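Take a look at the structure below.
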Amino acid sequence: MTKSANLYVRIEPEIKEQAEKILSTLGIPASNAINMFYKQIILQRGLPFEVKIPDRIPTDISMLKTDELHAELKKGYNDTKVGQTKDAKTVFADIRKDYGL
């Protein structure tokens, strides 16, 4: 089918830059990604992902101040002392399940 419809959107520059960097790494032009997104909306008869507020947000350690990082590390250390740990295989399985990966 000939591509002849135009789509004009306004988006935050940082979001656009980050997304296009990832798409470039994947070798997918932004226009193709948007076309794929629209096709998925049609196939799913709605957004192709859940739109909800997550009950848990992963901690991004690069955004923590030194004292916050030390507090998080101490929590982890205390968990290991009382046996509240999981093996890596279980952790990654949980992450895949929780975030639909």
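Label-to-label distance for LEU43 and ASN6 is 2.9 nm, based on points extended 7 Å past Cα in the beta-carbon direction.
Straight-distance candidates among the aspartates and glutamates for linking to LYS81, with alpha-carbon spacing under 16 Å and chain neighbours fewer than 8 residues away dropped: GLU72.
Given +1 at the Cβ of Lys and Arg, -1 at the Cβ of Asp and Glu and no other charges, the dipole of the chain around its Cα centre is 380 debye to the nearest 20.
By the compact-protein rule of thumb, 2.2 N^0.38 Å, the alpha-carbon radius of gyration of the chain corresponds to a ratio of 1.57.
Most tightly packed first, judged by the mean number of other beta-carbon atoms within 10 Å of their residues, the peptides 1-10, 41-50 read 41-50, 1-10.
Using +1 on the beta carbon of Lys and Arg, -1 on that of Asp and Glu, and nothing else charged, what's the dipole of the range 1-51 about the Cα centre, debye to 20? Before the final figure, lay out each step's value.
Details: 6 positive and 5 negative charges, 56 e Å.
So the dipole magnitude of the range 1-51 works out to roughly 260 debye.
Cβ crowding within 10 Å ranks VAL91, VAL82 as VAL82, VAL91, fewest other Cβ atoms first.
Here the range 1-51 is described by how far its Cα atoms reach on the three principal axes: 31, 29, 23 Å, from widest to narrowest. Angle of helix 88-98 to the longest C-alpha principal axis of the chain, folded into 0 to 90 degrees and rounded to 10: 40°.
Only the coordinates and a few stated rules stand behind these numbers; no lab work does. The structure displayed is predicted, hence computed values, not measured ones. Neighbour counts are summed over all protein chains in view; Cβ atoms, including those assigned to glycine, are modelled from backbone coordinates with ideal geometry.
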